Amino acid sequence: MSAQKRRTFKIEAFKHRVEIDPKYAERTWKVLEHAIHEIYNHNASGLSFEELYRNAYNMVLHKYGEKLYSGLVTTMTGHLKEIAKSIEDAQGSLFLEELDRKWGEHNKALQMIRDIMMYMDRTFVPSSGRTPVHDLGLNLWRDNIIHSSKIQSRLLDTLLDLIHRERKGEVINRGLMRNITKMLMDLGPVYQEDFEKPFLEVSASFYSGESQQLIECCDCGEYLRKAEKRLSEETERVSHYLDSGSEVKITSVVEGEMIANHMQRLVHMENSGLVNMLVDDKYEDLARMYNLFRRVTDGLLMIRDVMTLHLRETGRQLVSDPEKLKDPVDFVQHLLDEKDKYDLIISKSFNNDKTFQNALNSSFEYFINLNNRSPEFISLYVDDKLRKGLKGVSEEDVEVVLDKVMMLFRYLQEKDVFEKYYKQHLAKRLLSGKTVSDDAERSMIVKLKTECGYQFTSKLEGMFTDMKTSVDTLQGFYASQHAEIGDGPTLAVQVLTTGSWPTQPSAPCNLPTEIIGICEKFRTYYLGTHTGRRLTWQTNMGTADIKATFGKAQKHELNVSTYQMCILMLFNSVDRLSYKEIEQATEIPASDLKRCLQSLACVKGKNVLRKEPMSKDIAEDDAFYFNDKFTSKFIKVKIGTVAAQKESEPEKQETRQRVEEDRKPQIEAAIVRIMKSRRVLDHNTIVTEVTSQLQSRFLPNPVVIKKRIESLIEREFLERDKADRKLYRYLA
Amino acid sequence: MAGRKCRVRFNVGGKIFETTATTLANAGRNSMLGALLDESWNVRQPEEAEYFIDRNPACFAVLLDLLRTGELHIPPNMPEKLLFREALFYGLLDKVRAARWGAFDGNRLHLASSVSGRAPGDGTAIRAGPEGGCCVAHGSMVHVYDWMLEAHPPISLDFQQVNDVGYIDAGSIVITARERLGKGDGGMGVFSASTGELRHRFRVTHYDQVKSFTAGALSFSNADRKIFTSCKGRCNEYGIAVWDQDTGEQVDFFYEQLDCSLGDADKLQWLDADKCLMVATLFPRRDTSFIGLLDFRAKGVVWSWSDANASVSASLDEKRVLHATAVEETRSICVVNQYDDLGFIDLRSHAGGVRWSSRSKLMNRKAPNEESCYPKLATHDGQLFCSMNDGISVFCGPEWVLTSTLRRSFGGSICDFSIGGDRLFALHSEENVFDVWETPSSPII
């Protein structure tokens, strides 16, 4: 029914039959037949259209439509058979030209024949269900020329041969090709069936052979370059002389033969495959691979998988390399470099593909968390940058560095561990006044705040506030004391809010009497202005500048810690003290004391004390002497504390324990929040919900969650369901 | 022939006509005149040539005027048929049809023609074709008329009682017919409008078995190329069948559900905007009226209305919904009752009842008598049409104000009417007459 388009209705004219000459039809047809011959013989100029039209009209009118139509078919078929013969006789390359020329002539003749037969086309054809004249002409051309046994295969072979020669680099007559394929398209499905199908088959075998050959002798990059060239050639070919509908088909053939079939081999090609490209930053080759593989199913998936695998493997090696672990700054710098490298590859070669970015992120997340010291190292990296690394660097560059750190921070699962360390490191920076730029510090805090929210940074911000108020307090203190302080020691106090700072429970040490006096004055002043507060001295965190005179009246200013100051003050009265004596006099905890003594006596160039016996380590029966012979070319000597910048193993354990301890209330709070809204839940759902609520800070261990649930049951926040033990109920 | 000669001289049956190439270009290349002037036929024509055409000069004058002005004026002494024949010779019949009457407007209609039929019994249905023709179903026969109102060979499907007819396009007519008990005939077929030949017979298959069925109401979706028919079969083939217009194959079957009777539907209407089919099964075919919207993608009735609950204490005087049509512009369904009251049901609400329009009561209503027909409704281009006894009322505007009445003095009440091809056809119950209403072409100024 689809062929039935709008048609005009036939009018039955002349109901009364006119007696006409019985030979009339035959005679009229002869005139028309002659005209058709003349048209095909390019001799139409002598014909009268009006007369021919009237003749054809009269034949239809007098019910000779059938005769007219069948006569037309016979005559046209006869001419086409002659044309077929002349095309068959055309030699060699003239074949296509002859075909093209005859096709043009046939079209012209067909148009004129249709003009003559227009009335038949309008009336007889629709009512008798025949094919309209124009379509009839095309069908007859198809059947007598294109499907003629001597032309059909020759035409196909000629076309395919020309295309093959063009693929091999020869120049062919594209205009002629276009005319011929245009003819096949005009004939409807002929183009698809008689040309396109075999064309695609031949192309497939051509590219299958070529790709086999290429893959044996080319490296991956070169192969891809050639494949890309072939693809663009085929697209160009389609635009020049094939039907635009063939483009998708032929490119998919090339893609299938040259890429999809060899994907595995290309990606893993030795010395030039994907991994090598990634390692050597071959942006162009990578971009080419991306653009080619994108065209085939699972092509990008393959690139992504191999890249992910490679990334995870190199990342795993990086974070577990004991050499790298020695220097946290270097460790983090390596991570950042690796990230920069891949960011550049993805933006330059992979079209900023989101799925690749995700793969990169997930890989980083995977291997950064393989090493549980990553949070500490990242914090140390920031510490390093904020202590010295950023000196003289412009504000924008500082932002860049911090942003990169934040990116690593995002990968961390245990963000709370990072927070712990960051707090410690920040405290040290603030208290020792070592921070390079307040702006940089604050910018980092703001970044953490936007990333993790207010709670995460509230304590960090509290630390800054404390620092600021301390300055004011101290000013106030000295303003009130101006009369009484003569040449006694100057005291600089930082008042730290408990809770905001990572304070260790500090054993108080015995301060020298000179210091105690002014300390007491400060305490009185402070408690006088702030009622209801308590002050505890954190002697383990302070520093002191003391002036010392050595032999030959050499004067130096020593920058030491509070503990070291206490020790050195003892030597004001005696020149020799045993370890035990020092320990008794100062009451400094043993581990700290040993560390202090080590830095005072065992560091070359800073040994203001002399130890007996001379050894690297401090033993309990050692004795210490004032080193009279101490010399230094500096007036100011900074005596550091021998302390690993990185945490020692026991410290690490301790930090971890504290982190675990801090997590407990958070997990409990999450459980209660969830149960309060859901009332009844089974165990697995709680675990999932808690994990999803807390994962912005850390990844809670299911065993720990279970323990917390049990603890909440004990404290009667929850109860187990009486019927189903797997269910928990919230008790309001 | 650009610039070569802009004046063209004809000698038609001895009379000389002169015109311009521009005027003749209006005829188009696919006309006799277009071919006559084409380069391929004028290779050796000298300048100032004269074309001889052995035809009627008076008709040529009318047609040349049509090409010049786009308007058709037939002198009173010239038979229309003569002009049509000449127009067909020149390949200008389509242009004559296009100029014959104006764009449809319910308020400007005038009675163009009355055609008396030759059927023995009462008319069942009249349907307008897309190009101005129509077909009339009487008993088992369908009479087909083209836009010139010439009768074509009548068609029938096995001489069964015809239930409904409809045009797929100007050349193809679908007929649904009732099955005779025990004969396994009836069903549905496509016929050529010009010759009356059966082109395709539709089949209902149920579990791969071809079933005989009675086909009822028809509707077409030209955008989706689908035909919808209400079907009643022997066993459980009750429901709405869907066919493809191009292949003629059954593509879907929507089975009748418990609370909606689909196989008996009086009226189907495809709603293009909603991609839904309105199905109305109404009194008196069923005691309770049901109107629903079927969504074939969701396979369900997405909206429905029924008076099943309202008519528990049914009395004869109660308002019964007798016909319905969906008005897509206002998202409502318009219904009519035995008192010729219009009512509206809102498609946007699922709980709404019929909001009867009080305005229609103002019209002087004749008491329903034996001879009256059930009222019918139709919409076209924002206008609502309702047949009431021997007239058709036209309602317009958002409040559906009565704006025109189409009535003439004889023929009895109107049993069916249809709008299409910019014409309105009304079939009268007596005398087998149908009227053709057209909008005249635009005024000169």
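Suppose the filter is in contact (Cβ under 8 Å) with a residue 12 or more places away in the chain and within 10 Å of chain B (Cβ to nearest Cβ); does residue A:110 pass it? No: the conditions fail for residue A:110.
Flag set for residue B:132, criterion: within 14 Å of chain A (Cβ to nearest Cβ) and on the phi > 0 side of the Ramachandran plot. Test residue A:624 against the stated conditions and say whether it is under 20 Å from residue A:516 (Cα atoms) and either without any contact (Cβ under 8 Å) to a residue 24 or more places away in the chain or among the hydrophobic types (A, V, I, L, M, F, W, C) (or both). No: the conditions fail for residue A:624. Annotation note: of A:138, A:159, the sole residue that is among the hydrophobic types (A, V, I, L, M, F, W, C) and within 16 Å of residue A:104 (Cβ to Cβ) is A:138. Condition (residue is surrounded by fewer than 22 Cβ atoms within 10 Å (Cβ to Cβ) and among the hydrophobic types (A, V, I, L, M, F, W, C)) applied to segment A:52-59: is it met by at least one residue? Looking through segment A:52-59, none of the residues is surrounded by fewer than 22 Cβ atoms within 10 Å (Cβ to Cβ) and among the hydrophobic types (A, V, I, L, M, F, W, C).
Quick grid of which residues meet (1) modelled with pLDDT of 60 or more; (2) closer than 29 Å to residue B:425 by Cβ:
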site: B:314; (1), (2): no, no
site: B:320; (1), (2): yes, yes
site: B:323; (1), (2): yes, yes
site: B:338; (1), (2): yes, yes
site: B:342; (1), (2): yes, yes
site: B:351; (1), (2): yes, no
site: B:361; (1), (2): no, yes
site: B:379; (1), (2): yes, yes
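Taking only segment B:2-24 into account, find how many residues are assigned to a loop (DSSP other than H, G, I, E, B) and modelled with pLDDT of 85 or more.
The total comes to 2.
For residue A:127, the criteria (1) modelled with pLDDT of 90 or more; (2) under 30 Å from residue A:53 (Cβ atoms); (3) surrounded by 15 or more Cβ atoms within 10 Å (Cβ to Cβ); (4) not β-branched (Val, Ile, Thr) hold in every case but one, which is (1).
For segment B:182-216: of the residues being of a type in the set (A, V, I, L, M, F, W, C) and not in a strand (DSSP E or B), which is surrounded by the most Cβ atoms within 10 Å (Cβ to Cβ)? Ranking the qualifying residues of segment B:182-216, first place goes to B:193. Within this structure, residue B:242 fails the test of being surrounded by fewer than 18 Cβ atoms within 10 Å (Cβ to Cβ), away from chain A (no Cβ under 13 Å) and of a type in the set (A, V, I, L, M, F, W, C).
Among the conditions (1) surrounded by 13 or more Cβ atoms within 10 Å (Cβ to Cβ); (2) touching a residue at least 60 places away in the same chain (Cβ under 8 Å), residue A:695 misses just one, which is (1).
Within segment A:38-61, does at least one residue satisfy the condition of being more than 14 Å from every other protein chain (Cβ to nearest Cβ), under 24 Å from residue B:30 (Cβ atoms) and part of a helix (DSSP H, G or I)? No, because not a single residue in segment A:38-61 is more than 14 Å from every other protein chain (Cβ to nearest Cβ), under 24 Å from residue B:30 (Cβ atoms) and part of a helix (DSSP H, G or I). Tell me, yes or no, whether segment A:342-365 has at least one residue that is over 15 Å from the mean Cα position of the chain (by Cα) and modelled with pLDDT of 90 or more. No, segment A:342-365 contains no residue that is over 15 Å from the mean Cα position of the chain (by Cα) and modelled with pLDDT of 90 or more. Restricted to segment A:329-338, and to residues that are surrounded by fewer than 21 Cβ atoms within 10 Å (Cβ to Cβ) and touching a residue at least 12 places away in the same chain (Cβ under 8 Å), which residue is nearest to the chain's Cα centre (by Cα)? Per the stated criteria, the residue is A:338. Residues in segment B:157-170 that are surrounded by fewer than 20 Cβ atoms within 10 Å (Cβ to Cβ) and more than 14 Å from chain A (Cβ to nearest Cβ): B:158, B:159, B:161. Among the residues making up segment B:408-444, those that are assigned to a loop (DSSP other than H, G, I, E, B) and of a type in the set (Val, Ile, Thr) are B:439, B:444. Residues being aliphatic (A, V, I, L, M), surrounded by 17 or more Cβ atoms within 10 Å (Cβ to Cβ) and not in a helix (DSSP H, G or I): count how many of those fall in segment A:520-543. Going through segment A:520-543 one residue at a time, the tally reaches 0. Within segment B:57-64, identify whether any single residue is of a type outside the set (Gly, Ala, Ser), away from chain A (no Cβ under 14 Å) and more than 23 Å from residue A:116 (Cα to Cα), and answer yes or no. Yes, segment B:57-64 contains at least one residue that is of a type outside the set (Gly, Ala, Ser), away from chain A (no Cβ under 14 Å) and more than 23 Å from residue A:116 (Cα to Cα). If you go through segment A:698-711 and pick out every residue that is surrounded by fewer than 19 Cβ atoms within 10 Å (Cβ to Cβ) and either charged (D, E, K, R) or not in a helix (DSSP H, G or I) (or both), you end up with 5. Scanning segment B:120-129 for residues that are touching a Phe, Trp or Tyr at 6+ places or on another chain (Cβ under 7 Å) and either within 14 Å of another protein chain (Cβ to nearest Cβ) or part of a loop (DSSP other than H, G, I, E, B) (or both) yields a total of 1. Put simply, of A:160, A:156, A:184 the only residue that is without any contact (Cβ under 8 Å) to a residue 60 or more places away in the chain and surrounded by 19 or more Cβ atoms within 10 Å (Cβ to Cβ) is A:184.
Within 12 Å of chain A (Cβ to nearest Cβ) and loosely packed, with under 12 Cβ neighbours inside 10 Å: does that describe residue B:39?
On the way: within 12 Å of chain A (Cβ to nearest Cβ): yes; loosely packed, with under 12 Cβ neighbours inside 10 Å: yes.
Yes; evaluated as a whole, the condition is true for this residue.
Looking only at residues of segment B:71-115 that are within 14 Å of chain A (Cβ to nearest Cβ) and assigned to a loop (DSSP other than H, G, I, E, B), we find that the one that is surrounded by the fewest Cβ atoms within 10 Å (Cβ to Cβ) is B:79. Exactly one residue out of B:254, B:283, B:296 is aromatic (Phe, Trp, Tyr) and either without any contact (Cβ under 8 Å) to a residue 40 or more places away in the chain or under 23 Å from residue B:124 (Cα atoms) (or both): that is B:283. Is it the case that some residue within segment B:171-181 is modelled with pLDDT under 90, crowded, with 23+ Cβ neighbours inside 10 Å and within 14 Å of chain A (Cβ to nearest Cβ)? Yes, that holds for at least one residue.
Picking from residues in segment B:42-70 that are of a type in the set (S, T, N, Q) and not in a helix (DSSP H, G or I), the one that is surrounded by the fewest Cβ atoms within 10 Å (Cβ to Cβ) is B:45.
Only one entry of A:121, A:115 meets the criterion of being crowded, with 20+ Cβ neighbours inside 10 Å, within 12 Å of another protein chain (Cβ to nearest Cβ) and either at positive phi or without any contact (Cβ under 8 Å) to a residue 24 or more places away in the chain (or both), and that entry is A:121. Of the helices (runs of 4 or more DSSP H) lying entirely inside segment A:121-195, those carrying at least 3 residues that are touching a Leu at 6+ places or on another chain (Cβ under 9 Å) and hydrophobic (A, V, I, L, M, F, W, C) are A:133-141, A:149-167, A:174-186. Here residue B:143 meets each of (1) surrounded by fewer than 22 Cβ atoms within 10 Å (Cβ to Cβ); (2) out of contact with any Leu (no Cβ under 9 Å at 6 or more places or on another chain); (3) away from chain A (no Cβ under 14 Å) with one exception, condition (1).
The values are calculated or read from the model by the stated rules, or taken from the named source; none is laboratory data. Values in this document were obtained by computation on a predicted structure and should not be read as measured data. So basically every Cβ, Gly included, is an ideal-geometry build from the backbone, and we count neighbours across all protein chains shown.
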